[in-house]
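In what follows, a structure is listed as structure tokens, so that the remarks can point back to it.
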Amino acid sequence: MRVSEEKIVEIRKSVNIVDIISDYIPIEQKGRNYFAICPFHDDHNPSMSISPEKQIYTCFVCGAHGNVFNFIMDYENVSFYEALKIVANKSNIELNIDDYNQNIEKRNDNNNLYEIYDFAFKYYQNNLLTKDGKEALDYLYKRDFTDEIIKEFGIGLSTKNKLTKVLLNKGYKNEDLLNSGISSFNDNIYDTFIDRIMFPLWDLDGKVVGFSGRIYKTNDSSKYVNSKESEIFKKGNLLYNYHRAKQFARRKKSVIIVEGFMDVIALYKVGIYNVVASMGTAITKEQARLLKKLSTNIILCFDGDTAGNKATLSCSKELTDIGIYPKIIRLPSPLDPDEFLSKYGKEKFDEYLENPKSLLDYKIDYYRSITNFNNSEEISNYIKNVLSELNLVEDKIVKEIILKKLSDETNISFSTINGLLKENTKKKEKKQENKVTFNKYEKAERRLIFYMIRYPEVIRIYENNKCNFPTKEFRFLASEIIYYYNKHNCLSIADFLSYLNDKEELLEAFKKIDTLNINENYCYEEIMDYINLLNDYSIKERIKSLTKEFKKENDFIKKTEIAKEISELKVRV
């Protein structure tokens, strides 16, 4: 079922955004607004402003912006309808959308896949408790798996080619089983997983969407066999244990990321629950965004070997690209967290956990480890690499500490190295100066929409003096603003944000406009200047188009008509 606009507005108005956000993070009143450390980036000074008057929040550093539903969606990583449900529950408003969320249509399309995996999940678990599962269960006990851990992580057992037959007897088609990856085909259809301990893989909502099957009594060259990717299982969009870890990550205000699911389980065994895994693949942009939603305090604990080092650098780059600077734990080579805990125990691991390296120190250590200090060129490259990292650092004390260390270990004078850093800083500043800025037409369209959002009379001025917006997303946004205003005879920013919840591109466009740092007040002449400027833009674009047409046209009469139109338009500019 869909929820009416009226119901959404009723639910939003039933709470004060200040009260809701204060349930999640500490806030402090300053004047008319409230301020908080932004939970959506690595914030140290309160940069999130909460307006009780507008019922919206805005971070002036990372650009996070929205109403009460947007905050809950981003903080708890839930859909709009789940956020709606959370607010409705707080206000004791009845809302019957238990089976609805933003992925419902996609879920319906893939119901067979979800059902197959749900059945397989229960089937494998049951196998482990039968006489056929005794050997596998003994193996797990020897690896320090308790009954509680086996149950918590839904560990099961695949046996001798039986599941496919059971699923076919239940009415599923060969095509469904092959698409799911539960079954494979070679002359005949058969179980993909045979005689393996089965570890379920979950999506973000906690539904089983795949498996990893581990050998336990054979010498198969494939230690693990994983489900193939399907419509419901795309490794790059998921993190192992995410659905479980999110509540613990928020309590601890940090999240640990490891490479494999066995590392997650190993940490769980010793009471460390705020942990997720990348499932052995390089971190994707989507996974980095998921991590950011869990916490801005991220600790990377990958394997201690060369591959783990590479994964650490790759993951840290994806995170720094979105404004997160992770801390790093480097275990002794070649141990992974599971092996380290088995060898040294939790107390030793806690020492690493309590003293992670900063990303800067980790990178410097890495550059040092690959440098031959008997080679002048390599020393030069080492200094340049460290200085490129220092270029991103604002803290002057940290810079001086690193520069002194660099001077001591390379025998290059402090003044020479400091001079190189200053040169780099100047180049960086010059690049920033050369960044693309908005032209006068782009400024005009943004400012016009900014005032349309805030003042109904500006909407009316625009409707009486139509103009075209150069940018497609803002053109559509202006249309939505007018539609919404004419329908409701008012425009509340908080409610308009809810209206745009399923129009992602327009929502992003709206955020760009609403967070502009310009004067809230306007005058009629200013608005007309923007409209006239945008009309000039339309005319100039039309002249360009006609000029191209004129050059291509061979018919004399048509060419004359085009020239006449160009001439008339030029008079209007």
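The values are calculated or read from the model by the stated rules, or taken from the named source; none is laboratory data. Everything quoted here is computed from the prediction, not taken from an experiment. Positions of Cβ are backbone-derived with ideal geometry, glycine not excepted, and every protein chain shown enters the neighbour counts.
Taking the conditions (1) modelled with pLDDT under 85; (2) surrounded by fewer than 16 Cβ atoms within 10 Å (Cβ to Cβ) in turn, L129 satisfies each one other than (1).
Looking across the range 73-91, the residues that are within 24 Å of T296 (Cβ to Cβ) and either among the aromatic types (F, W, Y) or outside the structural domain of I25 (by TED's automatic domain parsing) (or both) come down to Y75, F80.
What do you reckon, is K310 closer than 30 Å to C62 by Cβ, surrounded by fewer than 19 Cβ atoms within 10 Å (Cβ to Cβ) and out of contact with any His (no Cβ under 9 Å at 6 or more places or on another chain)?
On the way: closer than 30 Å to C62 by Cβ: yes; surrounded by fewer than 19 Cβ atoms within 10 Å (Cβ to Cβ): yes; out of contact with any His (no Cβ under 9 Å at 6 or more places or on another chain): yes.
Taking the combined requirement at face value, the residue satisfies it.
Among the residues of the range 74-84, those identified as crowded, with 22+ Cβ neighbours inside 10 Å and not small (G, A, S) are Y81, L84.
Residues that are under 30 Å from I272 (Cβ atoms) and not in a loop (DSSP other than H, G, I, E, B) within the range 140-195 comprise L140, Y141, K142, D147, E148, I149, I150, K151, E152, G156, L157, S158, listed in sequence order.
No other residue among K170, K228, K134, K223 is surrounded by fewer than 19 Cβ atoms within 10 Å (Cβ to Cβ), within 30 Å of R289 (Cβ to Cβ) and basic (K, R) apart from K228.
Would you mind stating whether S230 is touching a residue at least 12 places away in the same chain (Cβ under 8 Å), part of a strand (DSSP E or B) and touching a Ser or Thr at 6+ places or on another chain (Cβ under 9 Å)?
On the way: touching a residue at least 12 places away in the same chain (Cβ under 8 Å): yes; part of a strand (DSSP E or B): no; touching a Ser or Thr at 6+ places or on another chain (Cβ under 9 Å): yes.
When the stated conditions are applied, S230 does not pass them.
Looking at the range 471-568, the helices (runs of 4 or more DSSP H) lying wholly inside it that each contain 3 or more residues that are in contact with a Lys or Arg (Cβ under 7 Å, 6 or more places away or on another chain) sit at 493-499, 524-552.
Checked against (1) touching a residue at least 12 places away in the same chain (Cβ under 8 Å); (2) closer than 15 Å to V209 by Cα, T146 passes all but a single condition, namely (2).
For a quick check of your reading: which strands (runs of 3 or more DSSP E) sit entirely within the range 1-55 and have at least 3 residues that are surrounded by fewer than 18 Cβ atoms within 10 Å (Cβ to Cβ) and in the same structural domain as I72 (by TED's automatic domain parsing)? Write out each step before concluding.
Numbers: elements: 28-30, 33-36, 48-51.
In the range 1-55, 28-30 are the strands (runs of 3 or more DSSP E) which contain 3 or more residues that are surrounded by fewer than 18 Cβ atoms within 10 Å (Cβ to Cβ) and in the same structural domain as I72 (by TED's automatic domain parsing).
Looking only at residues of the range 56-68 that are in contact with a Lys or Arg (Cβ under 7 Å, 6 or more places away or on another chain) and modelled with pLDDT of 90 or more, we find that the one that is surrounded by the most Cβ atoms within 10 Å (Cβ to Cβ) is V68.
Per the conditions (1) β-branched (V, I, T); (2) in a loop (DSSP other than H, G, I, E, B); (3) under 19 Å from D74 (Cα atoms), the sole criterion not satisfied by V276 is (2).
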